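All remarks here apply to the structure that follows.
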Amino acid sequence: MIPYLDVQHLSKSFGALQLFNDISFSIGEGQRVGLIAKNGTGKSTLLSILSGKEGYDSGEIIFRRDLKVGFLEQTPRFDPDESVLDACFNHQGDPDKVLKAKQVLTQLKIRNLEQPVGQLSGGQQKRVALANVLLTEPDLLILDEPTNHLDLEMIEWLEGYLQRGNRTLLMVTHDRFFLDRVCSVILELDDRTIYTYRGNYAYYLEKRQERIDNRRAEIARANNLYRTELEWMRRMPQARGHKARYREEAFYELERIAKQRLEERQLRLKASNVYIGSKIFECQYISKAFDDLVILKNFYYNFSRFEKMGIVGANGTGKSTFIKMLLGEEPVDEGRIVIGDTVKFGYFSQEGLQFDEQQKVIDVITDIADYVDLGSGRKLSASQLLQYFLFTPEQQHNYVYKLSGGERRKLYLCTVLMRNPNFLVLDEPTNDLDIVTLQILEEYLQDFPGCVIVVSHDRYFMDKVVDHLLVFKGQGEIKDFPGNYTQYREFSSGEKEEEKSEKSVKNEKKQPANNVATAKRKLSYKEKRELEQLEKDIATLEAEQKQIEEALCGGTTSVDEITALSKRLPVLKDELDEKSMRWLELSEIEN
């Protein structure tokens, strides 16, 4: 493997804050490397150092000679008067390059290539920057949060693009599906040190836990020995011989290990004091359009109590507009939204909250409330909530201006939760949050005793949190799907396969008889779900039949009960026969 990048003994500090110390790693040709770390620990700073945009304190960074490096910043900057096409690269009228640029930009849903970049939204500018990096075809791609502002179709396209060929890349991303599919090496920046895992995200999770368990055992052993050595140190006279001095030096190293503290995950935060009535909200045949862009058309939906819904769809199909109509921030054109009297919304928007830069982190939260009532006599203080979301006591008393972008998003999330809502509406909550925080937020939402709506392109997050989807397909078409995102993708694939199968059968019928090949049909997603449900139903019915037959033969059943059971038995047998026949039909296709 040809070495592309070698980092040796790199250190970086900002004043008293040391981000990393004496870290070393290398990237070889064809390696796709994902960098993982908590917010505020230096991920983006490390990428900026590697791209030459940021200095460092000590160490050495060695690139292969004549290596071409492409860097995608988290917040790119352009000349606002430059056209989209010129912002991508200096094509110098080369028709092949222009064609390629159009293809990539179209995949990223940037279609007006002559539009000035200054007229684009922040998300569109990030996509233009991504296209720019891809089109320059560098030897090494360095990408900071490449999936931010991409919808699901774009993310899946980018996955395929990066997987093709022998591409070499280093990237920071919170998208765990993306990490799992694209990266073959994971670097973890933790406690100012770098750890290397040669595998995908699933492998990293397994080996990281092993590392933590081993470290915990080492600290426990050191603590046990430390107590013995501490007693020896207290008893020994000041004048020590050579062996004693050696043992004394070893004691101080032992003390250093024993006093280390591994960051323990918080206990799952479960509230029982959130009350929400049976009436949540009802969309009564609402319509909404902006000129020719139809968002909703005669849409009806009655939201259930304790429902956890995900909203997905391509950018521009109206997901955020729907949320704003629900919250009363955007008027409907026709129909109305009726909201229950007990509903108390907590809204986490894409725009975020504007903070007072000179305010302390803890004061931002205590300005809202001093504590949240969890019920059963339990209270969660402002400081405890911040600590639950990994703000250390020291960070809580820092000023807001010292926070990273991800830490600000995390603080904004805490301001929403501190208001103790019973209905959480989260619009792209995963952008800029680190993976550890995402895991904590997932657990919080899984245990949340109220209602949840999540708009997100993070497939892993959606699978963990939601049990129902509204799929915005554009121009007012909305699909109501009972399940999570992975189940929806399987269902969609099954529908497409079924359509292909039906077309294939039609085409075969048109062919002469001797040219018709007998292709075996596979079960669609819907049929697979039906087969699974039939197996459960048949088992339940058979158990009921057995109970009835035992009761009729037992001799202890009353006359009235015998009459009722005798009427139920033939009905049950008919239902069992019907479901068994359908199960056989589907099983033959399956096998």
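Values for this structure:
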{"read-out": "Cα principal axis extents for the stretch 1-112, largest first, Å", "value": "48, 34, 22"}
{"read-out": "Two-site label geometry, T75 and V571: point separation in nm, points 7 Å out along Cα→Cβ", "value": "6.7 nm"}
{"read-out": "Förster radius 51 Å - calculated FRET efficiency between I538 and Y285 (Cβ-Cβ, nearest 0.05)", "value": "0.80"}
{"read-out": "Net charge contributed by nearby residues that have their C-beta within less than 12 Å of I548 (K/R +1, D/E -1)", "value": "-1"}
{"read-out": "Accessible surface of L189 - all protein chains present, 1.4 Å probe, nearest 10 Å²", "value": "10 Å²"}
{"read-out": "The stretch 30-88: GluC sites (Glu not before Pro) in DSSP loop, at most 14 other beta carbons within 10 Å", "value": "E54, E82"}
{"read-out": "Surface share of carbon and sulfur [accessible, 1.4 angstrom probe, percent] for the stretch 42-200", "value": "40 percent"}
{"read-out": "Protein-only accessible surface order, largest first, of T41, T415 at 1.4 Å", "value": "T41, T415"}
{"read-out": "The stretch 381-456 versus the stretch 17-44: alpha-carbon centroid distance in Å", "value": "24 Å"}
{"read-out": "Accessible area per residue in Å² at 1.4 Å probe, computed on the stretch 119-215", "value": "36 Å²"}
{"read-out": "GluC sites (Glu not before Pro) within the stretch 277-371, DSSP loop, no more than 14 other Cβ atoms inside 10 Å", "value": "E329, E351, E357"}
{"read-out": "Heavy-atom accessible area ranking, 1.4 Å probe, most first, across D57, D373", "value": "D57, D373"}
{"read-out": "Positive-end residue, the stretch 73-230 charge dipole about Cα centroid, Cβ charges, pick of L162, S121, Q74", "value": "L162"}
{"read-out": "Accessible area (Å², 1.4 Å probe, nearest 10) - S48", "value": "30 Å²"}
{"read-out": "Using a Förster distance of 22 Å, the FRET efficiency for D292-K473 (Cβ separation, nearest 0.05)", "value": "0.85"}
{"read-out": "Pairwise label distance in nanometres, N214 with L584, each label 7 Å out on the Cα-Cβ vector", "value": "5.8 nm"}
{"read-out": "Separation of the Y161 and D367 label points, Cα + 7 Å toward Cβ, nm", "value": "4.0 nm"}
{"read-out": "Protein-only accessible surface order, largest first, of R568, R211, R77, R181 at 1.4 Å", "value": "R77, R181, R568, R211"}
{"read-out": "Rounded to the nearest 10 Å², the accessible area of I589 at probe 1.4 Å", "value": "50 Å²"}
{"read-out": "Burial order of peptide ranges 16-29, 129-142 (average beta-carbon count within 10 Å, highest first)", "value": "129-142, 16-29"}
{"read-out": "Cut-off 9 Å between beta-carbons: net charge of the residues surrounding N431, Lys and Arg +1, Asp and Glu -1", "value": "-3"}
{"read-out": "For the stretch 415-484, size of Cβ-based charge dipole, Lys and Arg +1, Asp and Glu -1, in debye", "value": "180 debye"}
{"read-out": "Length-normalised contact order of the stretch 1-147 in % [C-alpha pairs under 8 Å, at least 6 apart]", "value": "26 percent"}
{"read-out": "The stretch 459-482 versus the stretch 358-372: alpha-carbon centroid distance in Å", "value": "35 Å"}
{"read-out": "Computed FRET value (nearest 0.05) for L99 with K379, which takes r as the C-beta separation and R₀ as 60 Å", "value": "0.45"}
{"read-out": "Total lysine pairs under 22 Å (Cα atoms) in the stretch 314-430, excluding pairs fewer than 8 apart on one chain", "value": "9"}
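The values are calculated or read from the model by the stated rules, or taken from the named source; none is laboratory data. The shown structure was predicted, so the numbers you read here are calculated from the model rather than taken from an experiment. So basically every Cβ, Gly included, is an ideal-geometry build from the backbone, and we count neighbours across all protein chains shown. We work out accessible area using only protein heavy atoms, side chains counted, and drop any ligands, DNA or RNA first. Shrake-Rupley method; radii C 1.70, N 1.55, O 1.52, S 1.80 Å.
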